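Here the structure comes first, spelled out in structure tokens, and everything after it is commentary.
The values are calculated or read from the model by the stated rules, or taken from the named source; none is laboratory data. Keep in mind that what you see is a predicted model, and the values were worked out from it rather than measured. FYI the Cβ positions are ideal-geometry reconstructions off the backbone, even for glycines, and counts take in every protein chain you see.
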Amino acid sequence: MKNDNSGIRLNRRGALLATASIAALWGGGLQSAFAQDSSDASASDEFILEEIIVTAARREQSLQDVPAAVTALKPGDFALKGMRKIGDIFNYATGVQYRDNGAKGAGTISARGVPQTSSIPVFGIYLDDTPVSTNSSFSSGSSLVFDGMLMDIERAEVIKGPQGTLYGATSVGGMMRYISREPAMEEFRASAGVDLSKTDGGDWSKVVNGRISVPVVKDKLGVTLSGFFEDTGGYVDYLNGATGAVEDKNIDDSEVLGYAADILFRPSEALDIRLKYMKQETDFATTSTVQLADALGDDALVGDFTTIDPAGDFWLDFEIMSGTLNYDLGWGTLSSTSSHVEYELGAVSDQTFALAGLVDFFDGRAPGTTTAVLVNQAAGSKKFVQEIRLTSERMGNFEWLAGLYYADEETSNIQSAQATPAFNVYAITFPSDYSEHAAFGDVTYYFNENFDVTAGMRLSKNKIQLSYVTSGALLGAADLEGDTIKDTVGTYLFSARYRPSENLSLYARVASGYRPASANIPIIDPVTGNDIADPVVSADNSWSYEIGAKGSTENKRLSYDVALWKIDWANFQAFTVFNGVRTGGNAADGLSAYGLEGSFTFRPTTSLSLTTNITYSNSTLNADEAGFGGVEGEQIPDLPKWAGSLQGSYMFNVSDSWDAALNGGLRYTGSAMSSYGNSQSILPVEVGGRVLADMNLSVSNGTVTFGLYATNLFNKRALVNREDSLLSSGATISSGVFERPRTIGANIKVDF
């Protein structure tokens, strides 16, 4: 049996991470432990740095040599520190912001000043070579993410800046790839873990997970089965809007069940065939959104965390299947991946308090006649993807990559409100069909071993068709089939690398990304009967210009990764408002963003490391934008200019066989406005900056690891985001999501 000793062993010669590993979470966060045997520490001041290999450029490369800003993280290490959501990764990484909408998988991701401005994501998510993000505007894809933090993931590669050439649509500001762990081919491996925690003022939470990997036929066939169950206790109480009394405690609890199967077949040294299946099911009664007393502050209606929305039935399911073939041709590798991705987001909520009076009015009923109004929402996507890629080995001064890509996606979106006694308030459905054909590739020329340049291009032909059917008192009857929208988009990549020494890599990069054109939901003028919305939402393109440096001092005590960047995003897709109704559209001009990212790790001894991350991002509108209320020069909402973190890790021996690590971190997010200054529907309110602390202690003998942790250590009540909706009466309805209160937990993990 083989132990997975990726933990905190100090008295065994290991390795520090390579230069780019400076985004490590508190010393053990990125695939490593400290290098030197404690008995050798006084004999040498030199550190040993282990090279990290990533596949961000669709080929294996040293992380230091990738001409782009890439951070490699281990979700499993975060989970042992009580950080189990995708947003926890970005709190301790540079250049990426996560807007938490109050439930696991419910949120948006932005990077490098590129905001989530419409229904198509701007930040792509991949599982290995499978694109998980939707390319359609009509399946709620921009408000949800595949949160695979607890699945069988070896590492997550966060790639910042547009990635349209190698990864296609939706990677406008950046992307993240989950890299799954390969099945064992030589020795049996297994692990199991349990985590128990308590949130201040809330319920208990628990996580159980396990993994078993078996070489069925040594060196030929390996199989892995894995799974987890997460039960997260709530902390938001239900407040009866009519009586003002708290009637139900901690209603925002959730359950997530995930399981996966992975088969690797290697009939020869040249051929690999891998089949994967992954399913994740999330259920929750409501989000952790809190009703605020007014737009002047962050006080709740009653207490600290209360809502007037009663518990309902919400779910988010992801199912991912893929088959990958890799064949070594000697001079290159032929790769083929066939994937099926399916997700569904659904909600059934009781909106009687908000809508019953409206139903009585529309139906001419006596006030109080309507006893219930249930709102149903269901959106989803089914996508098939086929990609074939040929990646050369280096041929003299050249290496190259070429590929073909095909995607076919069907989406559904159904929304309705039905009252009791029977009354159709509204019902709307708008299914869409999307297809994409693309060819892509890049070529690298090596002038010498220290300097090379790369040029790449992708040509994508996209097609989408939308149907639109409505009924009910609020919307009336309509049955429309939109025109088929066709679009051809080119994306490009140019980069140069210079390595003046083994401890320093410099790069420059110019790249573009895009979101595809889309049909639009019509808005019918009640007077003329004409559609007053733009019939087509045009594709948008971002261009990025970046220079960076990755390196370390000669003795490896100080390592760094810094980048300066600028992004231009013209005519970006955005939600616009016509006659008080929101629909899709394009900005009249665009936005310009620039910033810097820096990550620095200092290792005064082999036992102590200090890491600081800093992000500055300035993203502003180029012109007035009447469609969504923006003003020239205005900072983009929800994007703080400053963010950063400070982390420290101290490792020490407990005994001859047990080692420990004490870790602490501070994370800072700057202030940002919640909306544009002249928005017709949302009142702009500042969300203040926040500083939070986390801490954990781990003890391990290489097989068994015990951990204690505290997140939000000082129990700060910190607002993450807010929305202050403007009513026609001039009043506002205010709500927000807060950082989870202090959570203290313990866990144990056993590797077999």
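Yes or no, residue by residue, for (1) modelled with pLDDT of 95 or more; (2) more than 27 Å from Gln680 (Cβ to Cβ); (3) in contact with a Pro (Cβ under 9 Å, 6 or more places away or on another chain):
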position	(1), (2), (3)
Tyr498	yes, yes, no
Ala511	yes, yes, yes
Ile523	no, no, no
Pro526	no, no, no
Lys556	no, yes, no
Asp561	yes, yes, no
Leu564	yes, yes, no
Ala587	no, no, no
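Okay, residues lined up against (1) farther than 30 Å from Thr352 by Cβ; (2) more than 24 Å from the chain's Cα centre (by Cα); (3) not aromatic (Phe, Trp, Tyr):
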residue	(1), (2), (3)
Lys198	yes, yes, yes
Lys206	yes, no, yes
Asp231	no, no, yes
Gly234	no, no, yes
Asp237	no, yes, yes
Ala242	no, yes, yes
Glu255	no, no, yes
Arg266	yes, yes, yes
Q: Kindly indicate the residue of the stretch 525-556 that is surrounded by fewer than 21 Cβ atoms within 10 Å (Cβ to Cβ) and charged (D, E, K, R) and also nearest to Ala111 (Cα to Cα) among those meeting that condition.
A: Asp534
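Residues are listed down the side, and each one gets a yes or a no for (1) in contact with a Gly (Cβ under 8 Å, 6 or more places away or on another chain); (2) closer than 30 Å to Val654 by Cβ; (3) buried (at least 16 other Cβ atoms within 10 Å of the Cβ):
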residue: Asp561; (1), (2), (3): yes, no, yes
residue: Ala570; (1), (2), (3): yes, no, no
residue: Leu591; (1), (2), (3): yes, no, yes
residue: Gly598; (1), (2), (3): no, no, yes
residue: Ser609; (1), (2), (3): yes, yes, yes
residue: Thr615; (1), (2), (3): yes, no, yes
residue: Ser619; (1), (2), (3): yes, no, yes
residue: Gly629; (1), (2), (3): yes, no, yes
Q.
Quick check on Gln36: is it part of a loop (DSSP other than H, G, I, E, B) and either modelled with pLDDT of 90 or more or over 21 Å from the mean Cα position of the chain (by Cα) (or both)?
A. yes
Q. Looking at Glu344, is it closer than 20 Å to Leu275 by Cα and touching a Phe, Trp or Tyr at 6+ places or on another chain (Cβ under 8 Å)?
A. no
Q. How many residues does the stretch 325-378 hold that are in a strand (DSSP E or B) and closer than 30 Å to Ala473 by Cβ?
A. 14
Q: Go through (1) surrounded by 19 or more Cβ atoms within 10 Å (Cβ to Cβ); (2) part of a strand (DSSP E or B); (3) over 21 Å from the mean Cα position of the chain (by Cα) one by one and return the number of the condition Ile273 breaks.
A: (1)
Q: For residues that are under 24 Å from the mean Cα position of the chain (by Cα), among the aliphatic types (A, V, I, L, M) and under 30 Å from Thr444 (Cβ atoms), tally how many sit in the stretch 358-406.
A: 1
**Q.** The listed residue being modelled with pLDDT of 95 or more and under 17 Å from Arg740 (Cα atoms), out of Phe305, Phe265, Phe284
**A.** Phe305
Q.
Suppose we filter Phe440, Phe451 for residues that are aromatic (Phe, Trp, Tyr), surrounded by 16 or more Cβ atoms within 10 Å (Cβ to Cβ) and in contact (Cβ under 8 Å) with a residue 12 or more places away in the chain; which single one remains?
A. Phe440
Q. Does Leu264 satisfy being in contact with a Phe, Trp or Tyr (Cβ under 9 Å, 6 or more places away or on another chain), buried (at least 16 other Cβ atoms within 10 Å of the Cβ), outside any loop (DSSP other than H, G, I, E, B) and in contact (Cβ under 8 Å) with a residue 12 or more places away in the chain?
A. no
